[in-house]
Amino acid sequence: MIKLPHWEDSLIQKYNISGPRYTSYPTALSLTSGYTQSDLTNAIASSTNRALSLYIHIPFCHQLCYYCGCNKIITRHQSKADVYLDHLLQEIAAQAPLFKEYQVEQLHLGGGTPTFLTPEQMTRLIEALEQHFNFTHTAQRGIEIDPRSLADGMLESLKVLGFNRVSFGVQDFNDQVQAAVNRPQQLDEVLTVLQKARALGFKSINMDMIYGLPYQTPETYQATIKQLIELAPDRVSLFNYAHLPDRFAAQRKLKEHDMPTPEQKLAIFKATLERMTQAGYQYIGMDHFAKQDDELAIAQREDQLHRNFQGYTTHGNCDLLGLGVSSISQIGNAILQNEKDLKPYYQAISEQKNAIIKGISLHQDDLIRAAVIKQLICHFDLDKTAINAQFNINFDEYFAQALQALAPLETDGLVNNDQNTITVTAKGTLFIRIICMCFDAYLQQQIKNTRFSRVI
């Protein structure tokens, strides 16, 4: 059911706290060391899925963006990508036979900047994937693109290689903001690649934006959103910048006194929310918007939306296999992660053809809570009787403690808890992460040791 979020200042002030983004439950913070390849083979054996989503991590970037918290390596040496591909292709060849009964329905390349690769290197990668995995004819193939450093002919090569979805990192169109975060780009650059992608027939075009960066104001960001709406991407991801200089060294180059105040950030988000919905975009949740005819919006309306480590997605029936440094897999009842750093990743691949180092095995309680959180964060409502039937529980008894935590939110009108349903109200959609936190059994321990981004 589509819900236009309702903004109420008093609730914003009360509930704009920090919390997980729930790209999985349990979140990646719950992963522990000691997991190996045998845990992957056991997970495949126990999984009832035979549909697969592939995520490939390409860690390289030509230039450092000061706000970035991704796992990346800054280099101008293209030969480093060849070395990386040598190891990545070894991992692909070793892992693919385990998935010979699977059909790949979705492929996503992230990073870093996946289009750091040349067209020749990209072709080498995709041909290896197609050689070792079984792709469906209708598979979604998406890739993240930096419009500033796209090699000549790359979009055409991507189209030939079967890619049908692209995501452009834009962040802001304001020159002063771009200079401050070391990501200068001209509007004409973005417009050129956007027009070319449309002319080539890419099905869905996403643009990533960020608010909370230095020199952004409600006025300057209004100009940016006006320009964004004129460009009319199919999807928009509007991320709240989390300033964590103790964790990400590059962010130390950004000065807090140059950033918008908390009040200004709220004003930016509120105005953007209004402008995007007025322009006909469906509010998917948290920080995502999609045109009404985009598959993401349709999936939400049809109660088929899913969420995983790539964010909101339409392929909820798939196991997820991550390949490359730091990649995360979710297969059956296990979440597994590769080595995060390049040298240990290379060593692990050279010695054992895989790089799994961390993970978690999901117990029945994890699966029940994951189902509840996914339903709420994707669709803003939940049928208790469906959960009861799926897991053979009594919802209100099983979640007595969670419902007690939910009670103050119900009092404030963020959620309705009835006999058979939990429904997030228009006021509550902005606080969906907080609502989900009520059902998180790991959260209290994680809050002691982790800084999360604010929910708005």
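The values are calculated or read from the model by the stated rules, or taken from the named source; none is laboratory data. Remember, it's a predicted structure, so these values are computed and weren't measured experimentally. No Cβ is skipped: glycine too gets one built from the backbone with ideal geometry, and neighbour counts run over all protein chains shown. In case anyone asks, the SASA skips ligands and DNA or RNA and just uses the protein heavy atoms, side chains included. Shrake-Rupley method; radii C 1.70, N 1.55, O 1.52, S 1.80 Å.
Details
- Test item: Cα-centred dipole of the chain, Lys/Arg +1 and Asp/Glu -1 on Cβ, debye: 660
- Additional length obtainable on full extension of the chain from GLN278 to GLN176, 0.36 nm per residue less Cα span: 34.0 nm
- Entry note, the chain: the mean residue ellipticity at 222 nm calculated from DSSP H runs of n ≥ 4, each adding -39500 (n - 2.57), is -11500 deg cm²/dmol after division by the residues and rounding to the nearest 500.
- In the complete set of protein chains, residue-level accessible area for ILE74 is approximately 70 Å², probe 1.4 angstrom.
- For the residue pairs LYS72/LYS353; LYS255/LYS340; LYS196/LYS253, the alpha carbons lie more than 25 Å apart in LYS255/LYS340; LYS196/LYS253.
- Of the residues CYS318, LEU409, HIS77, the one whose Cα sits farthest toward the positive end of the charge dipole of the chain, with +1 on the Cβ of Lys and Arg and -1 on the Cβ of Asp and Glu, is HIS77.
- Exposure rank, largest accessible area first [GLU274, GLU230, GLU339, GLU256; 1.4 Å]: GLU256, GLU230, GLU274, GLU339
- Euclidean distance of C-alpha centroids, the stretch 347-393 and the stretch 91-141, integer Å: 24
- Separation between Cα centres of the stretch 323-345 and the stretch 28-53, rounded to whole Å: 10
- Accessible carbon and sulfur surface of the stretch 27-323 relative to its total accessible area, %, 1.4 Å: 49
- Where the chain is the region considered: accessible area per residue in Å², 1.4 Å probe: 42
- Our estimate of slack between GLU351 and ALA405, defined as 0.36 nm per intervening residue step minus the Cα-Cα distance, is 14.6 nm.
- You can think of it this way: the chain between ASN420 and ARG198 has 75.4 nm of extra reach, that is 0.36 nm per residue less the Cα-Cα gap.
- Sequence ranges 96-106, 16-26, ranked by mean other-Cβ count within 10 angstrom, highest first: 16-26, 96-106
- Modelled this way, with points 7 Å down the Cα-to-C-beta line, the labels at GLN292 and GLU230 are 2.4 nm from one another.
- In the assembled protein chains, ASP319 presents an accessible area of approximately 10 Å² (probe radius 1.4 Å).
- Take every DSSP beta bridge whose two residues both sit in the chain; close to 45 percent of them are antiparallel.
- Residues GLU302 and ALA441, FRET efficiency given R0 of 35 Å [Cβ-Cβ distance, rounded to 0.05]: 0.70
- Summing Cβ point charges (Lys, Arg +1; Asp, Glu -1) relative to the Cα centre of the stretch 218-335 gives a dipole of roughly 380 debye.
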